[in-house]
1. Determine which single condition Glu129 fails, assuming it passes every other condition in (1) open to solvent by less than 60 Å² (accessible area, probe 1.4 Å); (2) in a strand (DSSP E or B); (3) modelled with pLDDT of 90 or more.
2. What number of residues within segment 99-126 are open to solvent by less than 20 Å² (accessible area, probe 1.4 Å) and either free of Cβ contacts under 8 Å to residues at least 24 places away in the same chain or touching a helix residue (DSSP H, G or I) at 6+ places or on another chain (Cβ under 8 Å) (or both)?
3. Would you mind stating whether Leu137 is under 22 Å from the mean Cα position of the chain (by Cα) and either open to solvent by 30 Å² or more (accessible area, probe 1.4 Å) or among the basic types (Lys, Arg) (or both)?
4. Any chance segment 192-203 includes a residue that's at pLDDT 85 or above, outside any loop (DSSP other than H, G, I, E, B) and not hydroxyl-bearing (Ser, Thr, Tyr)?
5. With modelled with pLDDT of 85 or more, out of contact with any Leu (no Cβ under 8 Å at 6 or more places or on another chain) and surrounded by 11 or more Cβ atoms within 10 Å (Cβ to Cβ) as the only criterion, which of Ser76, Ser67 stands out?
6. Condition test on Thr96, is it part of a strand (DSSP E or B), over 20 Å from Lys64 (Cβ atoms), among the polar types (S, T, N, Q) and open to solvent by 60 Å² or more (accessible area, probe 1.4 Å)?
7. When you check Leu4 against the structure, is it of a type outside the set (Phe, Trp, Tyr), assigned to a helix (DSSP H, G or I) and either open to solvent by less than 80 Å² (accessible area, probe 1.4 Å) or modelled with pLDDT of 65 or more (or both), yes or no?
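The values are calculated or read from the model by the stated rules, or taken from the named source; none is laboratory data. All of these numbers come straight from a predicted model, not from anything done at the bench. Here the Cβ positions follow ideal geometry from the backbone for every residue, glycine too, while neighbour counts run over all protein chains shown. All accessible areas refer to the heavy atoms of the entire protein, side chains included, with ligands and DNA or RNA removed. Shrake-Rupley method; radii C 1.70, N 1.55, O 1.52, S 1.80 Å.
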Amino acid sequence: MSGLLSLIFIALIIWYFLQGRKKPTRQINKKWTYVFLVTYAVILIIAAISVELVDSKSFTTQPKAKSNEYLNLLTSAIQNGDIESIDSSNILDKRTQIIGDILLMNAQGYEINSTIIVERKSENDGLIEETLIKPLLLLDDYDFSNQLKYKIPEWTTDSVTFLEPPLTEITYTTYQEAYLLSQFTHTSRQRNNSHHTSERQIAVHLLVPKDLIITADEHLYINYINE
């Protein structure tokens, strides 16, 4: 709406100067200056009212990103294997795998970006406790994690395979006030091609038996937190 009013205002200015060109001796006197300022003020008032009537939140249905402090605490909990402190809303799944003496960790592809944390128990109970933490995708101030595609590990008797995630394509619409109005507010205009992105694929925490022998593919990045 404010964009349309801006075009109308520009059209009025062009019309005025075209009229002035027909009379070269014409000058902008006090009367025309007054008309110019009043017209500009009226358009700004109408634009401000129109913006208030528009529900700009409806243009974006994505949830807002959590605070940096919250995200830093989540990352720290994942890296340190502090699974109990992670909110259940961030847990994708919990699984238990029966294992013998050896675990083979394979990579199916070269772009395995999953965060893999291995923690050893104080006993040999023949079980691997697996916790999958949801992926993360933040674009500017919005959370698109629910749209990020991923693959969970595939287990066999004595091995686990990590798969390359499929490509994720995201299209979204943003709302921004026209310059005519935003120049008089505290809202900063951002360049359309400038975005801040934060991304993390699923995180996998494996709580394994004390003396389990692990052989891992070189393309996997594994953090052994107590070795």
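1. Failed condition: (1).
2. Here the count works out to 1.
3. no
4. For segment 192-203, residues at pLDDT 85 or above, outside any loop (DSSP other than H, G, I, E, B) and not hydroxyl-bearing (Ser, Thr, Tyr): present.
5. Selected residue: Ser76, the only one of Ser76, Ser67 that is modelled with pLDDT of 85 or more, out of contact with any Leu (no Cβ under 8 Å at 6 or more places or on another chain) and surrounded by 11 or more Cβ atoms within 10 Å (Cβ to Cβ).
6. So Thr96 passes the test.
7. Here the answer is no, as Leu4 does not meet what is asked.
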